[in-house]
Amino acid sequence: MPYNVIITGATGMVGKGVLFECMDHVDIGKILLVNRSSVGITHPKVQEVLIEDFFNLDSIKEEMTGYHACFFCLGITSIGQSEVNYSRITYDLTLKFANHFLEKNARSIFCYVSGTGTDSTEKGRSMWARVKGKTENDLLALEFKKAYMFRPGYIQPLRGIKSKTNWYQALYNVFKPIYFILKHFPSTATNTTNMGLAMIHTLDGNYPKTVLENKEINQLSNAEHKS
């Protein structure tokens, strides 16, 4: 059975990596991209809707109907952000989108890109880690068939993907030779291809863990997937 998926954040590095794997994968049928700006990709599987305000999703509620999963790759860096502003995007926007998606797609899968070091207690000193922890906890409490929290650490962009943030991309360029060493230590690093494949491999809802660190992401990306 082909799975229909929604991807947010496909103009970003991780989201684009997930999109590429979904376009290529035999088990993926329809792909709906929900973006603020166009990703600029034409493909038979791909439909794109542009929305100015992610806090006002009423105009695309019907377009969001009929999907098996949402791969939520939208996010911002915490650098230079107040806790209020960071929480508004990281927590408020994510939960609003997740609830709208769930309303139209019962018994669905939700994959959320979090980060290594996320604080599930919501009480630590790190602002971003607390906010991510609260976001994870409240997503897991929703009545999805299964929700999966992806906590990558270092992510190497593959397939020609580049970060939109120049200084991030400069770091990726520096670390590219080192990554070919790091990839032999699956707990240390992952890549955009593995992120996409691991999400695809959650679609049957049978993967037992709900929080995936680098090691689990890499293992799941290589797992045999049965549609």
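Bear in mind these aren't lab numbers, they're just calculated from the coordinates by the rules spelled out. What you see is a predicted model; the values in this text were computed from it and never measured. No Cβ is skipped: glycine too gets one built from the backbone with ideal geometry, and neighbour counts run over all protein chains shown.
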In segment 36-80, whose amide N lies under 17 Å from the spot 7 Å out along Cα-to-Cβ of Lys162? List them in ranges. 39-41
Note down the relative contact order for segment 1-123 as a percent, whole number, built from C-alpha pairs under 8 angstrom at least six residues apart. 27 percent
Suppose only helical runs count, i.e. DSSP H with n ≥ 4. What mean residue ellipticity at 222 nm does that imply for the chain under -39500 (n - 2.57) per run, divided by all residues and rounded to the nearest 500 deg cm²/dmol? -10500 deg cm²/dmol
What does the charge add up to near Lys45, with Lys and Arg as +1, Asp and Glu as -1, over the other residues with Cβ less than 14 Å from its Cβ? -3
Multiplying the sequence separation of Thr121 and Ser37 by 0.36 nm and subtracting their Cα-Cα distance, what value in nm do you get? 26.8 nm
Within 15 Å, Cβ to Cβ, of Ser126, how many net charges do the neighbouring residues add up to if Lys/Arg are +1 and Asp/Glu are -1? +2
Relative contact order in percent for segment 3-221 (Cα pairs under 8 Å, 6+ apart) equals 21 percent
Looking at segment 3-221, what % of the alpha carbon pairs are farther apart than 23 Å? 44 percent
Charged-residue dipole, Cβ positions (Lys, Arg, Asp, Glu), the chain about Cα centre, Debye nearest 20: 540 debye
At the level of C-alpha centres, the distance separating segment 22-66 and segment 186-205, in angstrom, is 20 Å
So for Ser37, Ser114, Ser126, fewest C-beta neighbours within 10 Å to most, what's the order? Ser37, Ser126, Ser114
Kirkwood Rh over alpha-carbon pairs of segment 3-58, then Stokes-Einstein at 25 °C and 0.890 mPa s: what D in µm² s⁻¹, rounded to an integer? 214 µm²/s
With Thr65 itself left out, Lys, Arg at +1 and Asp, Glu at -1 over residues whose Cβ is under 15 Å from its Cβ give 0
Loop-only check: which trypsin sites (Lys or Arg not before Pro) in segment 102-157 are DSSP coil with at most 11 other Cβ within 10 angstrom? Arg107, Lys123, Arg125
I need Phe54, Phe110 ordered by Cβ neighbour count within 10 Å, fewest first. Phe54, Phe110
DSSP-loop GluC sites (Glu not before Pro) across segment 59-161, with at most 11 other Cβ within 10 angstrom: Glu62, Glu143
Please give me, ordered by residue number, the trypsin sites (Lys or Arg not before Pro) of segment 1-91 that lie in loop per DSSP and have at most 10 other Cβ atoms within 10 Å. none
